[in-house]
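Read the structure below first, then the notes.
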Amino acid sequence: MLRSLVTATLVAALAATSLGAAQAAEISPGAAKSGAVMHLLPYPEGHAAANAELMNDAGQIVGSTTDGRGTYTATRWEADLSITPLKALNATGTLIITKALAPDGTVAGAADTGDRVDHAVTWDASGTPKRLEEPAGYVNSTANDINGGHVVVGVVSDNRAARAVRWGPDGRATLLPLPPLTRYSEALYVDERGVAYGWASHSSGANKQAVRWDTSGNVTNLGTFGGQWSEVRDVNDQGTAVGSAGAPGYESWAAVAPPSGTYQQLPGGVHDSTAIAVNNHGDVLGAVNAQRVLWRNGGMTALRPLPDTRSLEAYELNDSGMSVGKSGDFATVWDASGTPTPLPTGPRVDYSYGLRINNSGQVLGWAATWDYGRQAVVWR
């Protein structure tokens with residue numbers, strides 16, 4: 001519910017930053033076979049780098065910029081790469097954590113009020129924060145996900161135990177019930193119906209169980225394959241959840257749960273396997289024994305490395321079945337048949353990878369040179 005070390009199109013903009021036009025010309029990439037062009041995410045005068053990990057289908061991006069001396073500014077880049085700073089909760093607030101990005105650009109996460117305590121927050125189109133309610137007795141909170149209707153899910157804590165929570169569009173909180181014999185829980189994802197997904201456990205770290213809370217608050221354990229734990233790694237708009245679950249012999253098996261069902265084993269998902277992403281057509285990206293694979297139409301396809309590379313990582317896929325990650329040291333996209341295509345970089349780029357891909361085929365990631373370090377980029 002998801003491009004440039006620097007191009008000539010951004011030389012003028014970069015001249016106003018600490019990088020300058022000379023560096024922009026040095027590391028401009030050539031024409032890409034794929035048609036994508038890599039763009040550096042711009043940052044304000046006096047800042048030295050940008051970090052970004054969230055992107056929506058509109059091409060909005062969320063992350064932060066830094067001056068290189070320990071000061072970070074939470075930021076949303078609009079589709080034209082203009083910058084909207086995300087404001088602090090108050091004049092003494094210093095901490096902002098961004099966790100999720102809605103289709104309309106609303107950001108969910110947490111911020112403090114100068115006390116270094118997290119409080120769940122959403123930020124609107126202007127970057128103005130709204131603090132979400134903390135139920136009586138709870139002193140800190142974090143928003144983990146937000147859907148198109150501005151239903152938010154996350155976690156609240158009383159400093160003794162964490163509890164899953166769902167906030168309505170008005171910011172009012174509803175504690176989600178605990179399954180039997182559990183004390184801790186957290187909601188990590190919310191689908192477009194407002195159904196929440198996360199985990200529950202009898203302790204804060206051991207044998208977590210993947211669970212789903214429907215819109216009435218009824219909780220369902222998604223189950224295991226005979227082991228003692230399970231997890232949710234992603235959920236699509238319709239409510240198909242994917243992840244992994246414990247199996248006999250301490251194995252981990254890739255798992256998928258339909259919107260109203262429990263975990264089922266993905267074909268070939270045995271031994272050491274997991275599912276990490278699912279798109280709105282039910283295609284699933286994951287790994288079997290460290291080999292990245294795509295499950296589609298009942299079959300499993302291995303993603304192939306680029307020529308002259310051996311290792312690869314893939315992190316996300318879009319509704320066309322395109323996956324993104326890296327092969328060797330190069331940012332790479334794969335089509336639904338597992339065929340890789342490198343994303344273009346400049347001749348002086350030493351390392352790059354793709355992290356997010358949206359339904360327009362735009363890719364968010366990183367590119368790095370030895371002399372200028374790692375920078376957030378977007379391929380369009």
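Any read-out appearing in this document is the output of simple, stated calculations on the displayed coordinates, not a laboratory observation. Only a predicted model underlies this, so the values are computations on that prediction, with no experimental measurement involved. Neighbour counts run over all protein chains shown; Cβ positions are idealised from the backbone, glycine included.
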The chain, helix-only ellipticity at 222 nm - DSSP H runs n ≥ 4, -39,500 (n - 2.57), divided by all residues, nearest 500: -500 deg cm²/dmol
Just to check, using Stokes-Einstein with a Kirkwood Rh over alpha carbon pairs, what's the diffusion coefficient of segment 230-375 at 20 °C and 1.002 mPa s in µm²/s? 137
Using each residue's phi in segment 184-192, evaluate 6.51 cos²θ - 1.76 cosθ + 1.60 at θ = phi - 60° and report the 3J(HN,Hα) Karplus result to the nearest Hz, with x for Gly and Pro. 10, 7, 7, 9, 9, 9, 9, 8, 6
Largest first and in whole Å, give the semi-axes of the chain's equivalent ellipsoid, each being the square root of 5 times a Cα gyration tensor eigenvalue. 34, 28, 16
Counted charge near THR73, where neighbours are those whose Cβ lies closer than 14 Å (Asp, Glu -1; Lys, Arg +1): +1
For segment 269-289 and segment 309-377, what is the separation of their Cα centres, given in Å? 19
Sort out for me the Cα centre separation of segment 48-85 from segment 158-208, rounded to whole Å. 29
The number of Lys pairs in the chain whose alpha carbons lie under 25 Å apart, excluding pairs fewer than 8 residues apart on one chain, is 6
